[in-house]
Every structure is written in structure tokens, then in C-alpha cells.
1. Quick one: in the stretch 176-185, which of the residues that are touching a residue at least 40 places away in the same chain (Cβ under 8 Å) and surrounded by fewer than 18 Cβ atoms within 10 Å (Cβ to Cβ) is nearest to Leu123 (Cα to Cα)?
2. Which pairs have Cβ atoms under 7 Å, sit 6 or more apart or on different chains, and link a residue in the stretch 148-172 that is without any contact (Cβ under 8 Å) to a residue 12 or more places away in the chain to one that is surrounded by fewer than 16 Cβ atoms within 10 Å (Cβ to Cβ)?
3. Would the stretch 48-65 turn up any residue that is within 21 Å of Gln116 (Cβ to Cβ), assigned to a loop (DSSP other than H, G, I, E, B) and among the small types (Gly, Ala, Ser)?
4. Quick one: which residue in Ala144, Ala173, Ala152, Ala210 is more than 30 Å from Glu107 (Cα to Cα), buried (at least 18 other Cβ atoms within 10 Å of the Cβ), among the small types (Gly, Ala, Ser) and at pLDDT 95 or above?
5. What about Glu54, is it more than 21 Å from Ile315 (Cβ to Cβ), loosely packed, with under 14 Cβ neighbours inside 10 Å and at pLDDT 95 or above?
6. Search the stretch 20-44 for residues that are touching a residue at least 24 places away in the same chain (Cβ under 8 Å) and outside any loop (DSSP other than H, G, I, E, B) and pair each with any residue that is of a type in the set (Gly, Ala, Ser) and surrounded by fewer than 20 Cβ atoms within 10 Å (Cβ to Cβ) when their beta-carbon atoms are under 8 Å apart and the residues are at least 6 apart or on different chains.
7. How many of the residues making up the stretch 148-179 are closer than 25 Å to Gly291 by Cα and in contact with a helix residue (DSSP H, G or I) (Cβ under 7 Å, 6 or more places away or on another chain)?
8. Name the residues in the stretch 249-268 that are among the small types (Gly, Ala, Ser) and either buried (at least 23 other Cβ atoms within 10 Å of the Cβ) or closer than 9 Å to Ser200 by Cβ (or both), would you?
Amino acid sequence: MPKVTQTSSRKADHIRINLEEDVRSGLSTGLEHYHFIHQALPELNLEDINLSSEVFERNLSAPILISSMTGGTDEAGEINRTLAEAAQETGIAMGLGSQRAAVENPELSSTFQVRQYAPDILLLANLGAVQLNYGYGVEECQQAVDMIEADALILHLNALQEAVQPEGDTRFAGLLSKIESVCRALPVPVIVKEVGWGFSEEAARQLEAAGVSAIDVAGAGGTSWTQVEMHRAKNQYQAKLAAAFLDWGIPTVVAINNIHTAAPRLKIFASGGLRDGIDIAKCIALGASLGGMASPFLKAAKNSLAETIDTIGLIQRQMQVAMFACGAKDIYHLKKSLLIKS
């Protein structure tokens with residue numbers, strides 16, 4: 001059995017807490033304020049609505065991303081295999097959780113290696129960007145990509161989460177230039193992702209200039225990782241520190257608009273509190289290329305492959321019906337659909 005590292009032990013805590021505790025942000029995504037214009041006469045057939053799209057030269061049956069969640073433990077390995085099989089069956093994209101645990105201990109690599117179960121999907125590797133300030137470089141980034149035969153690399157930013165962890169890595173100074181070096185050297189696209197607090201216009205401009213290919217907004221309104229860390233806390237000081245940030249962050253809609261305005265060249269992956277296919281459709285209409293979810297898929301994957309496939313199928317159908325009812329026959333026309341802001 002692989003040696004349990006501090007990192008893999010933390011990942012086990014994260015799975016348990018996300019499944020058992022209320023870790024929702026105190027903010028909303030903002031999506032509830034946007035509504036499609038209903039078309040009573042769509043002049044379309046429901047069965048002809050086409051959800052297919054292409055991202056990083058991979059064909060998708062729908063612009064849906066299983067957002068990065070986990071890895072590094074036996075339980076996480078089982079979840080990742082289930083998610084990968086479901087993604088392959090339904091033709092959607094998948095991101096892996098942070099692979100730092102497997103870089104530290106290669107015996108844990110198998111908990112991330114899902115390409116054999118999903119040969120055709122858009123698959124995204126993942127490392128914490130801050131590790132570039134703790135000895136990681138292009139070599140470790142390439143290792144993460146090679147480990148899972150990924151199509152692109154996510155570098156995730158989680159400054160607030162690290163700040164409320166007793167064991168957190170909080171040296172974020174000078175990180176932008178190191179992200180730029182990775183973008184220049186790596187042969188696959190680099191995506192920069194928040195973990196639940198969104199992006200400002202300033203950050204979007206900086207990352208576009210650094211050469212990233214996409215930003216996953218991971219805005220406020222979904223899981224709050226300060227609340228997760230509150231449940232991990234070993235003492236009242238740490239718990240109160242984390243709890244104070246319940247309503248921190250940039251809501252998902254605002255973050256999408258920030259990137260759209262400040263860094264129009266970048267692909268936008270929308271995540272952070274999305275709960276159904278209508279939410280994803282709204283995000284696509286707002287300018288995103290993919291809509292990502294984590295919690296609904298994690299809960300389904302813990303139960304069975306069949307439930308995971310059914311969950312994805314329902315989200316796809318919700319998108320299809322939403323597009324039918326607003327008169328958008330495909331993703332191109334969905335991007336041009338008008339949303340009313342209330």
C-alpha cells in the first residue's frame with residue numbers, strides 16, 4: 001500500500017468533509033439574476049439541438065467539465081476511475097485533482113492515471129501554482145502532464161485556502177513570472193484556475209500577458225474552501241480564522257464578465273456553484289467555452305458509475321431543453337443568445 005503523505009492525508013480529509021458537511025459559500029454565483037428570453041415559437045426540433053463543441057482539439061458531446069477534485073488516496077483513485085469512465089461514456093471533459101501528492105510519492109500516481117478508462121476525453125492535469133515558489137518548475141509540470149497523458153495543465157491558485165491552513169504554502173510573491181515561464185516551455189496549453197473565489201480584471205490581464213490559454217474562473221457561490229478548512233481545524237483559533245471568510249470572493253458571473261472584458265483572447269471555463277444544465281447554458285451565453293461542476297459529480301461517483309452517467313445525462317438534457325426553449329440550435333447560437341438581467 002502506498003505511503004500516506006501529509007498531502008494525501010489532507011486530500012482524504014477534503015473528500016470526507018465535502019461529502020458530509022455544509023461547505024457552501026455565503027455568496028451566490030449571480031446566475032440567478034440572468035434569464036434567457038423564452039421563445040414560444042423556437043422553429044426548432046428538440047432532437048436536432050446540437051450540444052457538441054471543441055476545446056483544445058478535443059471533440060466534446062457537450063461543453064461540460066468534471067471539475068478538478070481529488071487524487072492521492074485509494075478512495076480518490078476509485079472516484080477518479082468512475083468519473084473517467086462516465087466522461088468517456090458521455091463525451092465530456094475531466095480535470096484531475098492536484099497531482100502534488102503523486103509528484104511527492106510516485107506510488108500514488110495510479111490514483112490519477114485514468115487515460116486507459118477514457119482514451120478520447122479532454123483530460124486536464126493539475127498542480128498548485130504556488131508550488132512554483134517551493135522548488136517546482138517546468139520539469140514537475142511536465143511530469144504531471146505525462147503522468148496522466150493530459151491535453152493541458154491546470155495551475156490552480158488558492159491563496160486564501162493556503163492562508164487559513166496551519167500547514168499552508170503562502171509565498172505567492174513573484175509567482176506570475178514563473179507561470180509565464182511554464183506557459184512558454186510547456187508543449188500543452190496552460191489553464192489557470194481559482195478554487196472558489198474568482199478573478200479580478202487585473203488578474204485576468206496579468207495572466208493573459210503571461211501566456212495562459214484559458215482561465216477557469218471558479219467563482220464564489222459554490223464550495224468555500226475556507227469552510228472546508230474550518231471543518232479540518234484542530235483548534236478554535238484556526239476554525240474562527242477560516243470561518244470569517246464565508247462570504248469572501250468574486251461571484252462566478254462577475255468573474256466571467258471580468259475576464260471577458262479584460263482578457264478577451266482567453267478561453268473561459270466557468271465553474272463555482274453551477275448546479276444544472278441551465279447554469280452551464282447561461283455561462284456559455286455569457287462567454288464561457290466550458291461549464292464545470294464538482295460536487296454533483298463527486299456525490300454521484302461515490303455511489304456508482306451508473307448514477308454518474310445518469311447525472312451527466314440529466315445535465316446534458318437540461319442544456320438541450322434550455323437551448324430549445326431559447327431558440328439556440330447549437331453552441332454557436334447559444335453564445336449569441338440574449339440574457340435578461342434582473
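The values are calculated or read from the model by the stated rules, or taken from the named source; none is laboratory data. As the structure is a computational prediction, the values presented were derived from the model and not from experiment. Heads up, the Cβs are rebuilt from the backbone with ideal geometry, glycines too, and the neighbour counts pull from every protein chain shown.
1. Of everything passing the filter in the stretch 176-185, Ala185 is nearest to Leu123 (Cα to Cα).
2. Pairs that qualify, where the first residue is without any contact (Cβ under 8 Å) to a residue 12 or more places away in the chain and the partner is surrounded by fewer than 16 Cβ atoms within 10 Å (Cβ to Cβ), are Ala163/Thr170.
3. Of the residues in the stretch 48-65, the ones within 21 Å of Gln116 (Cβ to Cβ) are 56-61, 65.
With assigned to a loop (DSSP other than H, G, I, E, B) added as a condition, the list becomes 56-57, 61.
If we keep only those that are among the small types (Gly, Ala, Ser) as well, we get 61.
Yes, there is a match, as at least one residue in the stretch 48-65 is within 21 Å of Gln116 (Cβ to Cβ), assigned to a loop (DSSP other than H, G, I, E, B) and among the small types (Gly, Ala, Ser).
4. Numbers: Ala144 fails: more than 30 Å from Glu107 (Cα to Cα); Ala173 fails: buried (at least 18 other Cβ atoms within 10 Å of the Cβ); Ala152 fails: more than 30 Å from Glu107 (Cα to Cα).
Ala210 is the lone residue from the list that is more than 30 Å from Glu107 (Cα to Cα), buried (at least 18 other Cβ atoms within 10 Å of the Cβ), among the small types (Gly, Ala, Ser) and at pLDDT 95 or above.
5. no
6. His33/Ser342; Tyr34/Ser342; His35/Ser342; Phe36/Ala325; Phe36/Ser337
7. 10
8. Selection gives Gly249, Ala255, Ala262.
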